[in-house]
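> I have a structure here, written as C-alpha cells, and I will follow up with some questions on it.
Throughout, read-outs are computed from the coordinates displayed, never taken from laboratory work. Only a predicted model underlies this, so the values are computations on that prediction, with no experimental measurement involved. Every residue, glycine as well, gets a Cβ built from its backbone with ideal geometry; the counts of neighbours run over all protein chains shown.
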Amino acid sequence: MVTALTAQSTVGARRVLVKGGYLDGQAVDLLFDGERVETFAVPRLDSRNTHGTGCTLSAALATFLAQGHAPVEAVRRAKAFITVAVEHGVDVGRGSGPTNPYAWLAHGST
C-alpha cells in the first residue's frame, strides 16, 4: 500500500490523513507523509452523537498546526480532541447528535 501511495505523492498534498472512525474495531486514523504511515488508534466509543466528526477533527487539526505543533503531534492532539468531543456529544433529536467541541474545555487537556 505505501509503495503505491509513494509513487503518486510527488504532486498534491505532502501529507494525507485517512479517518477510520467508521470501521469496525478501534477508531484508527492513518497519517501518510509520502514515506511512512503513522497510526493513531483509540478505543471505539459507544455513542450515537457522531455527527460532524470529520469537520471537528479537521478544525482541531488545523488549530494545532497553526499553534506550531509538528504534524504527527498535531494529529495526536486532534485525535484526542475529537475523542473527547464524541464522548461528550450532544444528545438531541432522533438521529445522530453532534459532537461537542466545547467538552475539551471541561474534560480535555492541552
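> Taking square-rooted eigenvalues a ≥ b ≥ c of the alpha carbon gyration tensor, is the range 40-86 rounded, prolate or oblate, where a/c under 1.5 means rounded and, failing that, a/b exceeding b/c means prolate?
Numbers: a/c = 3.28, a/b = 1.74, b/c = 1.89.
Note, shape of the range 40-86 comes out oblate.
> Using the Cα atoms of the chain to build a convex hull, what is its mean projected area in square nanometres?
Numbers: hull surface 30.6 nm².
The number I arrive at for the chain is 7.6 nm².
> How tilted is helix 53-66 with respect to the longest principal axis of the chain? Cα atoms for both, answer in degrees (0 to 90, nearest 10).
Taking Cα atoms only, the helix is inclined about 60 degrees.
> For the chain, build the charge dipole from Cβ charges (+1 Lys, Arg; -1 Asp, Glu) around the Cα centre, then report which of Tyr102, Val42, Gln26 sits farthest towards its positive end.
In the chain, that residue is Tyr102.
> Could you sort 31-43, 79-91, 11-23, 56-68 so that the peptide with the highest average Cβ count within 10 Å comes first and the rest follow in order?
Values: 31-43: 13.9, 79-91: 20.9, 11-23: 12.2, 56-68: 15.8.
Final packing ranking: 79-91, 56-68, 31-43, 11-23.
> So how far apart, in nm, are the two label points at Ala66 and Val28 if each is 7 Å from Cα heading toward Cβ?
With each label placed 7 Å out from Cα toward Cβ, I get 3.2 nm.
> Please give the helix 71-87 orientation as an angle from the longest Cα principal axis of the chain, in degrees from 0 to 90, rounded to the nearest 10.
20 degrees
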